[in-house]
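Structure, as structure tokens:
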Amino acid sequence: VRVLKRGTYLDYGFLIYNAQLDSKTGKPQLETQLLLLKEGKPVFTGKVIPMTVGDEPDWKHIPASGRLRLGDDLAPGEYMVQVVVIDKLAREKERLATQWMDFELVK
């Protein structure tokens with residue numbers, strides 16, 4: 001069970017698999033968004049932001065990470081953090097990928 005305290009940081013990491021590559025640059029065009037949900041309802045919705053990528057040795061497995069501060073004003077309880085990745089070069093049906101993790105927030 002993941003238990004976190006208000007006012008601390010939630011560090012997260014994930015891998016993006018099989019992103020489509022631009023034929024000119026040889027790099028993907030990805031965007032990410034972070035959501036924090038309590039009882040299935042968003043309490044924080046991050047902006048959709050372009051993902052900056054470097055020169056990866058393996059474009060089939062792109063590592064990514066982030067950090068979210070869990071505010072002192074959040075009520076204790078069960079939460080879910082969700083990461084959304086948008087592959088702008090993929091076909092519409094394959095453009096969106098999401099992953100989530102649940103945790104408990106305590107005082």
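The values are calculated or read from the model by the stated rules, or taken from the named source; none is laboratory data. Here the structure is a predicted model, which means the values were calculated and not measured. Using ideal geometry, Cβ is built from the backbone for each residue, glycine included, and neighbour counts are taken over all protein chains shown. Remember, those area values only see protein heavy atoms, side chains included, never the ligands or the DNA or RNA. Shrake-Rupley method; radii C 1.70, N 1.55, O 1.52, S 1.80 Å.
For region 42-68, the candidate set comprises residues that are open to solvent by 60 Å² or more (accessible area, probe 1.4 Å) and more than 13 Å from the chain's Cα centre (by Cα); within that set, the residue that is farthest from Lys88 (Cα to Cα) is Val43. Is one or more of the residues making up region 87-99 open to solvent by less than 90 Å² (accessible area, probe 1.4 Å) and farther than 30 Å from Ser23 by Cβ? For region 87-99, residues open to solvent by less than 90 Å² (accessible area, probe 1.4 Å) and farther than 30 Å from Ser23 by Cβ: absent. Screening region 1-90 for strands (runs of 3 or more DSSP E) wholly inside it with 1 or more residues that are under 16 Å from Glu104 (Cα atoms) and β-branched (Val, Ile, Thr) returns the ranges 3-5, 41-45, 77-87.
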